[in-house]
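Colleague: Here it is, the structure in full.
The values are calculated or read from the model by the stated rules, or taken from the named source; none is laboratory data. Only a predicted model underlies this, so the values are computations on that prediction, with no experimental measurement involved. So basically every Cβ, Gly included, is an ideal-geometry build from the backbone, and we count neighbours across all protein chains shown. Note: areas computed on protein heavy atoms with side chains; ligands, DNA, RNA excluded. Shrake-Rupley method; radii C 1.70, N 1.55, O 1.52, S 1.80 Å.
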Amino acid sequence: MIKQRFAAWCAIAALACAVTACKSLPDASTMTGAPGQSTPTVTTQHGELKQKQAAALLKRRWARASTDLKGLAVLEEQATGVPMIAGNAVTLLFDGPATMRAMMEAARAAKKSINLETYIFDHDEIGGQFAEILMQKRSEGVVVNIMVDGVGTLATPKEFFDRLRQAGVNVLVFNPVDPTKRPGKWALNNRDHRKIMIVDGLVAFTGGINISSTYANSSLFRSKKRPDDVSQDKVGWRDTHIKIQGPAVGALQWAFIDNWVHQDAGELPQIDYFPQLAPAGDKVVRVLATSPDHDSSIYKSLVVAIGESKKSIYLTAAYFVPDRQIVDGLIAAAKRGVDVQLVLPGVSDHGFIRHAGESFYEELLAGGVRIHQLQVAVLHAKTTVIDGMWSSIGSANIDRRSFIHNYEVNVVVLDPAFGREMEAAFKEDVVHSKEIKLDAWKRRPWSDRLREAMARLTEYWI
């Protein structure tokens, strides 16, 4: 099913790119404004804090930070234009089973509304279970709105969504492949790759996990199964999601509703999607919801954070086809003494993309970047932790498609305690990875080099 979906998407992307001009990523040298702002903008449940109040709050939160988090936050805000949101609880969720349990539990507890936005919603065991819960909640009077991507759900039978609609669930297919099914502007090459669920406007989930049984098998080192207990076609998936409570939930709710409205799909049912959100924790976050209409704030935040790194960059990428600025930034960081390590796929569901990413290995390795390929799990996570303080979790891959053409959402958490959790997860992945060494990599077969070169030629479109 995944291979069929990918083949269809490659054909669609090639057609779309043949008739549209290639867009470029923003210049890193123009991302941050002139100096002058000394404190990042911080919002709470009561609105934007005054500068003195924001400075006092951040001083308490970041008292033990070993890096200049306030300075980084200012630069990131100048680059993205997005304020920080205080007072949140953020819970890390690893792999599909843990995430699905948490999401289903939250959905079952819904009292007013469930808004679900996902790239893939498969007609399989997990998709069926999720659909049953949503239909049950609708029968109890809960408003349920679902937004799925037209390409991501190409393999899902129309009857599956018809059944949800008949149960009273509002289902929107985002940018359908058939232009006659799109009431507004048809944009075939712009896909909704976000994964968001908001329940009652009070709790939200986001990250890399779709609604699919593909994720039903946890990565082996987290499921505690032995490799010889699992056949090759049932290899586990390694992914990351987060659960958020607090004022930042409102930003994710707004991202969902804004996307729905811009599809010209009609009005959502009139209920209170934005309840008053009290502080639920002490995490300060930045919600970056991107669209093809603007330069990617996710890309900008990553480039700024890499450029400001002092100690470490630990990046996990399911699909890694970086542009020149990211490659140069990682190498520059390594050369100034930053510990730069990447966990990339050793087992992939898209070999073509993996080969395109591997075409960058020799340059990165020569520049001092360490590369690990995760074994015995399909890597699908998209996370970064820098200096143990700046963390990013979301749906965006490290490639031009995510940064230029897709609707994506990443959450940046600026917090030392959360950063330690992220680093621990990264180091566990490293244990279950094989490190790629420069000398050995240089000796790889010429057939591999040719495959990488061919894949690299198509890096803009994949």
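Colleague: Checking Gly141 against (1) open to solvent by 20 Å² or more (accessible area, probe 1.4 Å); (2) in contact (Cβ under 8 Å) with a residue 24 or more places away in the chain; (3) part of a loop (DSSP other than H, G, I, E, B), which test does it fail?
Modeller: Unmet for Gly141, out of (1) open to solvent by 20 Å² or more (accessible area, probe 1.4 Å); (2) in contact (Cβ under 8 Å) with a residue 24 or more places away in the chain; (3) part of a loop (DSSP other than H, G, I, E, B): (2).
Colleague: If you don't mind, another one. Could you go through the stretch 203-215 and let me know if any residue there is open to solvent by less than 20 Å² (accessible area, probe 1.4 Å), modelled with pLDDT under 95 and under 23 Å from Gln129 (Cα atoms).
Modeller: Checking the stretch 203-215: at least one residue is open to solvent by less than 20 Å² (accessible area, probe 1.4 Å), modelled with pLDDT under 95 and under 23 Å from Gln129 (Cα atoms).
Colleague: Here is a check on your reading of the model: is Thr118 under 20 Å from Ala396 (Cβ atoms) and touching a Leu at 6+ places or on another chain (Cβ under 6 Å)?
Modeller: The answer is no for Thr118.
Colleague: Conditions: (1) within 21 Å of Met422 (Cβ to Cβ); (2) free of Cβ contacts under 8 Å to residues at least 40 places away in the same chain; (3) not aromatic (Phe, Trp, Tyr). Ala131 meets all but one. Number of the miss?
Modeller: (1)
Colleague: Here is a further query. Quick one: Leu277 ticks every box in (1) under 30 Å from Glu363 (Cβ atoms); (2) assigned to a loop (DSSP other than H, G, I, E, B) bar one, so which box is it?
Modeller: (1)
Colleague: So, one more: Applying the selection to the stretch 426-441, what residues are farther than 13 Å from His372 by Cα and open to solvent by 100 Å² or more (accessible area, probe 1.4 Å)?
Modeller: At the first step, the residues of the stretch 426-441 found to be farther than 13 Å from His372 by Cα are 439-440.
Across the stretch 426-441, the qualifying residue is only Asp439.
Colleague: Another question about this same structure. Which one of Gly168, Gly201 is touching a Lys or Arg at 6+ places or on another chain (Cβ under 8 Å), within 22 Å of Ala102 (Cα to Cα) and not hydrophobic (A, V, I, L, M, F, W, C)?
Modeller: After applying the criteria, what remains is Gly201.
Colleague: Also: Among the residues of the stretch 251-302, write down those that are open to solvent by 20 Å² or more (accessible area, probe 1.4 Å) and closer than 20 Å to Ser402 by Cβ.
Modeller: Ala251, Asp258, His262, Ala289, Ser291, Asp293, His294, Asp295, Lys300
Colleague: Kindly check whether there is at least one residue in the stretch 105-123 that is on the phi < 0 side of the Ramachandran plot, modelled with pLDDT under 95 and among the small types (Gly, Ala, Ser).
Modeller: Checked the stretch 105-123: no residue is on the phi < 0 side of the Ramachandran plot, modelled with pLDDT under 95 and among the small types (Gly, Ala, Ser).
Colleague: Filter the stretch 94-119 down to the residues that are open to solvent by 20 Å² or more (accessible area, probe 1.4 Å), hydrophobic (A, V, I, L, M, F, W, C) and under 24 Å from the mean Cα position of the chain (by Cα) and list them by number.
Modeller: Filtering the stretch 94-119 for residues open to solvent by 20 Å² or more (accessible area, probe 1.4 Å) gives 94, 97-98, 101-102, 105, 108-109, 111-112, 119.
Pick out the ones that are also hydrophobic (A, V, I, L, M, F, W, C) and you get 94, 98, 102, 109.
Result: Phe94, Ala98, Ala102.
Colleague: Only one of Ala73, Ala102, Ala54 is under 30 Å from Trp237 (Cβ atoms), part of a helix (DSSP H, G or I) and of a type outside the set (S, T, N, Q). Can you tell me which?
Modeller: Just one listed residue meets the conditions, Ala102.
Colleague: Please return the ranges of helices (runs of 4 or more DSSP H) entirely within the stretch 312-417 where 2 or more residues are open to solvent by 10 Å² or more (accessible area, probe 1.4 Å), at pLDDT 95 or above and farther than 25 Å from Val90 by Cα.
Modeller: Filter on the stretch 312-417 gives 324-335, 361-366.
Colleague: I would also like to ask the following. Go through the stretch 254-279 and give me each residue that's within 19 Å of Asp149 (Cβ to Cβ) and touching a residue at least 60 places away in the same chain (Cβ under 8 Å).
Modeller: Ala255, Phe256, Ile257, Asn259, Trp260, His262, Gln263, Asp264, Ala265, Leu268 - these are the residues of the stretch 254-279 that are within 19 Å of Asp149 (Cβ to Cβ) and touching a residue at least 60 places away in the same chain (Cβ under 8 Å).
Colleague: Can you confirm whether the stretch 86-99 contains a residue that is of a type in the set (Ser, Thr, Tyr), at pLDDT below 90, more than 26 Å from Asp295 (Cβ to Cβ) and touching a Lys or Arg at 6+ places or on another chain (Cβ under 8 Å)?
Modeller: Going residue by residue through the stretch 86-99, those that are of a type in the set (Ser, Thr, Tyr) are 91, 99.
After this cut, where a residue has to be at pLDDT below 90 as well, the list is none.
Checked against the condition, which is being of a type in the set (Ser, Thr, Tyr), at pLDDT below 90, more than 26 Å from Asp295 (Cβ to Cβ) and touching a Lys or Arg at 6+ places or on another chain (Cβ under 8 Å), the stretch 86-99 yields no hits at all.
Colleague: From the set of residues in the stretch 162-198 that are hydrophobic (A, V, I, L, M, F, W, C) and either open to solvent by less than 10 Å² (accessible area, probe 1.4 Å) or touching a His at 6+ places or on another chain (Cβ under 6 Å) (or both), which is modelled with the lowest pLDDT?
Modeller: Checking each candidate, the answer is Phe174.
Colleague: Report yes if Gly87 is touching a Leu at 6+ places or on another chain (Cβ under 9 Å) and closer than 19 Å to Lys283 by Cα, otherwise no. Can you show your working first?
Modeller: Numbers: touching a Leu at 6+ places or on another chain (Cβ under 9 Å): yes; closer than 19 Å to Lys283 by Cα: yes.
Yes; evaluated as a whole, the condition is true for this residue.
Colleague: Which pairs turn up if I take residues in the stretch 201-222 that are among the charged types (D, E, K, R) and look for partners that are surrounded by fewer than 24 Cβ atoms within 10 Å (Cβ to Cβ) with beta carbon separation below 9 Å, at least 6 apart in sequence or on another chain?
Modeller: Once the first residue is among the charged types (D, E, K, R) and sits in the stretch 201-222, its partners that are surrounded by fewer than 24 Cβ atoms within 10 Å (Cβ to Cβ) give Arg222/Phe94; Arg222/Pro97; Arg222/Ala98; Arg222/Glu428.
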